[in-house]
Structures are given as structure tokens and as C-alpha cells.
Amino acid sequence: MSFWRKFACAVLMLVFAVSLAATWLAPAGYAKQDRDATGAPPSREHWLGTDELGRDRFARLLYGTRISLLLAPAAALVSTLLAAVIGGLAGYLGGAWARTAMAVTDLFLSLPWLFLLITVRAMLPLNVSPTFSVLVTFLLLGLLGWTAAARVLCASASSLRNSDFVKQSRAAGIHGTRLFWIHVLPNLKPVLYAQFWISIPAFILSEANLGILGLGVAEPLPSWGSLLKELEGIVSLGAEPWKLLPLALLVVVVTSFQLVLSKSHEVAA
Amino acid sequence: MLGRKIAWHGLTLVATVLLGGFLCATLVRLAPGLDAEESALDPHLSSQSIHALREDRAEQHNVFRFYLRSLGRAIHGDLGTSISLRQPVSSLLHDRFPLTFRMVSLGLLMSWAAVMALALSVACVRSPAYDLLATVLAGLLLCVPAAVLALLSVLWNVPGALAIALIIFPRDYRYARNLLDKAYSLPHIISARAKGLTEVRILFWHVIPVVAPQLLALAGVSVSLAVGAAIPVEALCGLAGIGQLAWQAALARDLPLLTNITVLVTIVTLLANSSADVIGQVWRGQRA
């Protein structure tokens with residue numbers, strides 16, 4: 001493991017650990033208002049100041065980071081599993097199955113990601129409870145983000161289907177689901193890992209984009225998207241630099257995820 | 001061969017639009033609130049009129065019938081009426097499309113100029129420090145959400161097209177750099193260098209012909225990226241284009257408008273990808 005990969009892993013673990021400790025580090029919580037100090041600059045009570053509603057920005061950053069770092073991998077898991085089932089099975093079965101699955105995949109891929117997301121998000125009610133909205137947002141990312149991975153997995157499974165050891169297994173009498181689960185799927189693991197790791201930063205960024213556009217996690221729950229929405233009111237970067245901390249942390253986390261992806265993962269991707 | 005390829009792309013385009021249109025019609029039909037008719041609440045309407053309105057609505061319950069009816073109207077240029085803006089969708093698209101088209105085209109041009117300039121200079125100079133600098137720059141831009149770049153463009157009073165260019169640049173740069181790096185490592189190019197050919201000659205005679213089909217495919221994909229980037233840029237920069245219209249429709253849950261925009265954008269991206277594929281095919285055919 002290279003130095004930079006180790007460093008990125010350490011950064012991610014540190015950020016995750018600190019966000020998990022939000023309950024102790026910011027006991028006031030993300031929704032408690034300090035009405036005497038709305039829009040206040042950093043102080044001893046509020047390390048990163050408060051937002052326009054008087055909520056502690058540091059607490060919101062920690063809780064928002066926790067939400068993104070817990071739910072983005074969950075969404076990545078959903079999309080990777082969907083890709084494994086749809087792409088993997090299509091590649092393994094081949095023929096009309098593969099053509100149909102890839103036609104559906106192409107249909108999804110031809111739609112720009114953000115257009116597809118906001119179309120489906122708009123179908124769902126916008127005035128839902130915050131917990132429901134956060135689950136819906138990340139579930140949507142997971143349910144719609146499988147297409148590119150499915151294409152890669154279909155190609156990989158297709159090449160495995162024609163490999164010597166699978167032919168030999170067939171000749172030995174192993175067929176159907178057993179062959180898929182025991183011989184094909186384990187050999188798709190490197191591609192699955194790569195797709196899983198690639199999806200996490202992509203989903204974090206997508207949630208941030210949706211949040212800034214007002215289509216992400218509902219208030220008062222914080223997320224990177226809702227924290228970055230504060231930048232809308234910023235007059236200059238130098239005037240209130242503490243407002244840029246969520247952006248800086250997001251860049252650090254996404255960069256770390258990119259660095260964790262090793263060369264081997266990239267090749268598998 | 002080329003004719004078959006074009007026919008295949010045309011068929012794919014029509015099939016995708018029809019299937020996408022059906023999915024969109026299903027979305028609109030299943031969306032909560034479609035059965036509610038505001039005009040039915042009008043106290044001036046007689047019971048017969050309200051009954052007629054309800055019967056008209058009931059005809060739309062079947063998704064297939066609803067889709068065929070919408071398709072029939074769309075063929076005659078009637079894309080329906082926006083729920084939130086109360087204007088015909090076709091006139092809204094007609095008004096907003098030119099701005100988005102100009103901005104996306106300019107953004108793509110700027111982005112590709114920067115991508116090619118940087119990727120070519122990195123491949124030619126072959127300095128690890130310069131390569132690292134370019135990679136770090138592209139990597140940093142890749143880690144910033146598109147909406148934040150749009151916000152920064154508002155803050156610094158930068159044109160929306162430049163924001164789009166900055167959003168696409170890092171995604172295209174990585175692929176372009178890898179393609180050129182691979183091309184410059186090919187044996188015949190190393191041998192051309194050893195023979196003392198100038199960099200310009202190597203580039204235009206040996207490198208570009210090898211990487212052109214892949215770069216064309218990448219250009220096709222970047223159209224889709226640019227159109228997607230138009231949403232945050234137009235929404236946050238206050239530009240009245242298709243992206244802003246899609247965002248407003250999403251916030252107002254105006255599904256008829258949103259689905260029409262999605263189908264339009266799908267056609268544009270498919271056309272771009274198909275054109276890139278066909279041109280790449282022609283290029284390969286000429287070289288063979």
C-alpha cells in the first residue's frame with residue numbers, strides 16, 4: 001500500500017471517527033437554536049459560528065458528515081448489488097437476456113444523471129419528514145446509480161462465461177444458479193469492489209448537488225448539500241472563511257476516496 | 001456498412017425515445033395529484049360540466065391509452081401544458097432552448113480547448129512535476145460539486161459557460177491524458193521521435209490519427225455531461241434556460257414539463273453520441 005493510500009485511509013477514518021463522536025463533541029445537537037446569536041461568527045461556544053437560524057455550524061457539520069459517510073456507502077452497496085444482479089446475470093446468461101439488459105442500461109445511461117435524479121425525486125413528495133427525505137435521497141442514488149457498473153459487470157461476466165474453468169465446470173455437470181454463485185460471482189469480486197468504491201464519492205457529490213438545489217435532505221437534518229447551500233449567501237470568500245469549512249472537508253473526503261482507489265481497482269473498473 | 005451503422009443508430013434513437021417517453025408517461029400517470037382537476041372546483045361549472053371533466057380524466061387512467069394519446073399530440077407539436085407555469089410546454093422549450101444551446105456549446109468549446117492544450121502539453125513535455133500539477137488541478141476540480149462551481153461563478157461574476165467548462169474539464173482531462181499518454185508510448189511513435197521528427201509532425205501524423213476515434217467518443221459523452229451541468233449553473237446563476245426550467249419544474253413537481261425536458265435532453269445526448277460514433281467509424285474506415 002502506497003504512502004498516499006495509507007494517508008487517505010487515515011484521513012477517512014479520522015473524519016468518520018470524529019463525525020461518530022458528534023454526540024459528545026457537539027452535545028447541543030444540530031437543530032438547537034441559539035436565538036441570541038443568529039449568524040454569529042466563530043466563538044468559544046460556537047466554534048464555527050451559527051447559521052441564520054442560530055444553529056451551531058460545527059454540530060451541523062459533524063452530523064452532516066456522519067449522515068453522508070454512513071448513507072453514501074449504503075447507497076453504493078445498493079447500486080453495486082443491483083449492478084451485480086442485473087449486469088452479472090445478463091453477462092452470464094448472454095443472448096437475448098444480455099441484449100435486453102444492456103438496452104435498458106443504455107436507456108438509463110442516455111439520460112443525464114442529474115436530470116434523471118431530479119425527475120424521479122420530483123415524483124416523490126417534497127414535504128416529507130427529514131428522516132424520510134434523507135433515506136429517499138440516498139436510496140434514489142443507489143437505485144439509479146447501477147447502470148455504468150452494470151455495463152462493466154456484464155462485460156466481465158460475459159468473458160467469464162466463455163472462460164475455460166466455467167466450461168469445465170459445465171462439463172462436470174454444474175449448471176444454473178450454482179455455477180453463477182460459486183464460480184462466476186466470486187470472480188467478479190474485484191470489479192464489484194472497484195465499483196463500490198467509485199460510487200461512494202460520486203454519491204456524496206450527487207447528494208451535495210441535490211442539496212444545494214433544494215432537492216436533497218430536508219431541514220432540519222444537516223447534510224453536505226444543505227451545509228453548502230449556505231454558500232449562496234456568501235459575499236466574498238475572504239469575508240466569512242469559516243463558511244467554507246464544509247466545502248473544504250468535502251473536498252478532503254472525496255479526494256481521500258479517490259486516493260484509496262488503488263491502481264488495481266482502477267484497472268478492474 | 002456505414003449506412004447500416006447510421007440506420008442502427010437511428011433505430012436505437014427512435015426506440016429509446018419511445019421507451020423513454022413511455023416511462024415518462026407512466027411517471028406522470030402515477031404521480032400523486034394527477035387526478036385532481038382544479039377547474040372542477042369552480043363554483044360556476046354545472047354538474048354536467050364537472051361530470052364531463054371527470055369522464056375525460058377517467059379516460060387517462062389506462063397508462064397505455066394515456067401514452068398513445070400523449071404521443072399522438074406530441075407528433076402534432078402539442079407537448080401538453082406546464083402545471084406550474086400554465087404555458088404550453090412546446091413554447092417554453094422553444095424560448096429556453098437557444099440560451100442553453102449557446103451556453104453548453106461555448107462551455108464544451110472552452111473545456112475541450114483546455115483539455116487538449118493541457119493533455120497535449122503534458123504528453124509532449126513529459127515532466128513528472130508538470131503532470132502532477134495538472135493531475136492535482138483536475139483532481140481538485142473533480143472533488144468540488146458542480147453546484148458549488150456554479151455558486152462560485154456567481155460570486156466571481158464569471159459567465160455560466162465557463163462554469164460548465166470547469167465542470168466538464170476534469171472529467172474529460174483524465175481520459176484524454178491517459179489516451180495521449182498511451183499513444184505517445186506506442187513503438188512507432190517512439191521510433192519516430194528517435195528518428196528526429198518534429199513534435200508537430202508526430203502529433204498530427206501519428207498521434208491524432210490513433211486517438212481521434214476515442215477522443216470523438218469522449219466528446220460525445222461530454223455533451224451529456226455539459227447538459228447535466230446546465231441544471232446547477234442555470235438554476236444558481238439565474239439563467240433562463242432548459243436547466244433552470246427543469247429545476248423549477250422539479251421544485252414545483254411539474255412532471256409533464258419535467259418529463260418533456262428529459263426526453264428532449266435524451267434526444268440531444270443520443271444524437272451527440274451517435275454522431276460521434278458514426279464520425280469515428282468514418283475515420284477508422286478511411287484509415288483502414
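It is to be established whether one or more residues within the range B:174-182 are aromatic (Phe, Trp, Tyr) and farther than 30 Å from B:Val233 by Cβ. No, there is no match, as no residue in the range B:174-182 is aromatic (Phe, Trp, Tyr) and farther than 30 Å from B:Val233 by Cβ. Filter the range A:103-142 for residues that are in contact with a Lys or Arg (Cβ under 8 Å, 6 or more places away or on another chain) and within 22 Å of A:Ala76 (Cβ to Cβ); which is nearest to the other protein chains (Cβ to nearest Cβ)? Ranking the candidates gives A:Leu109 first. The residues of the range A:245-260 that are facing chain B (nearest Cβ under 10 Å) and either surrounded by fewer than 22 Cβ atoms within 10 Å (Cβ to Cβ) or among the hydrophobic types (A, V, I, L, M, F, W, C) (or both), listed by number, are A:Leu247, A:Leu250, A:Val251, A:Val252, A:Val253, A:Val254, A:Thr255, A:Phe257, A:Gln258, A:Leu259. Considered as a group, the residues in the range A:18-47 that are under 26 Å from the mean Cα position of the chain (by Cα) and assigned to a loop (DSSP other than H, G, I, E, B) include one that is farthest from A:Ala239 (Cα to Cα), and that residue is A:Ala21. Per this entry, B:Ile231 is counted among residues that are assigned to a helix (DSSP H, G or I) and under 20 Å from A:Leu210 (Cα atoms). Considering the conditions (1) within 14 Å of chain B (Cβ to nearest Cβ); (2) surrounded by fewer than 19 Cβ atoms within 10 Å (Cβ to Cβ), A:Leu215 is excluded by exactly one of them, (2). Tally up the residues in the range A:154-210 that are of a type outside the set (A, V, I, L, M, F, W, C) and under 30 Å from A:Leu231 (Cα atoms), please. Residues in the range A:154-210 being of a type outside the set (A, V, I, L, M, F, W, C) and under 30 Å from A:Leu231 (Cα atoms): 5 in total.
Listed conditions (1) surrounded by 20 or more Cβ atoms within 10 Å (Cβ to Cβ); (2) within 14 Å of another protein chain (Cβ to nearest Cβ); (3) of a type outside the set (A, V, I, L, M) are all met by B:Phe169, apart from (2).
Pairs meeting the criteria (first residue in the range B:139-162 and facing another protein chain (nearest Cβ under 8 Å) and within 20 Å of A:Leu227 (Cα to Cα), second residue buried (at least 17 other Cβ atoms within 10 Å of the Cβ) and of a type in the set (Asp, Glu), beta carbons under 7 Å, at least 6 apart or on different chains) are lacking.
When restricted to residues that are touching a strand residue (DSSP E or B) at 6+ places or on another chain (Cβ under 8 Å) and without any contact (Cβ under 8 Å) to a residue 12 or more places away in the chain, the range B:64-106 contains 2. Of the residues making up the range B:236-286, those that are without any contact (Cβ under 8 Å) to a residue 24 or more places away in the chain and either buried (at least 19 other Cβ atoms within 10 Å of the Cβ) or among the acidic types (Asp, Glu) (or both) are B:Ala246, B:Trp247, B:Ala250, B:Leu258. Apart from one condition, B:Leu239 fits all of (1) part of a helix (DSSP H, G or I); (2) more than 9 Å from chain A (Cβ to nearest Cβ); (3) modelled with pLDDT of 90 or more; (4) under 18 Å from the mean Cα position of the chain (by Cα); the exception is (1). Would you check which residues across the range B:126-146 are closer than 28 Å to B:Arg201 by Cα and exposed (fewer than 13 other Cβ atoms within 10 Å of the Cβ) and list them? Selection gives B:Arg126, B:Ser127, B:Pro128, B:Ala129, B:Leu132.
Quick test for you: out of B:Leu257, B:Leu216, B:Leu264, pick the one residue that is closer than 17 Å to A:Leu109 by Cα and in a helix (DSSP H, G or I). Being closer than 17 Å to A:Leu109 by Cα and in a helix (DSSP H, G or I) holds for just one of B:Leu257, B:Leu216, B:Leu264, which is B:Leu264.
Restricted to helices (runs of 4 or more DSSP H) entirely inside the range A:159-261, those with at least 3 residues that are closer than 27 Å to A:Met13 by Cα are A:189-212, A:224-228, A:245-260. The single condition from (1) β-branched (Val, Ile, Thr); (2) more than 10 Å from chain A (Cβ to nearest Cβ); (3) within 24 Å of B:Leu71 (Cα to Cα) that B:Thr259 fails is (2).
The values are calculated or read from the model by the stated rules, or taken from the named source; none is laboratory data. Treat the numbers as computed from the prediction; the structure is a model and nothing was measured. When we count neighbours, we look across all protein chains shown, and the Cβ atoms used for this are built from the backbone with ideal geometry, even at glycine.
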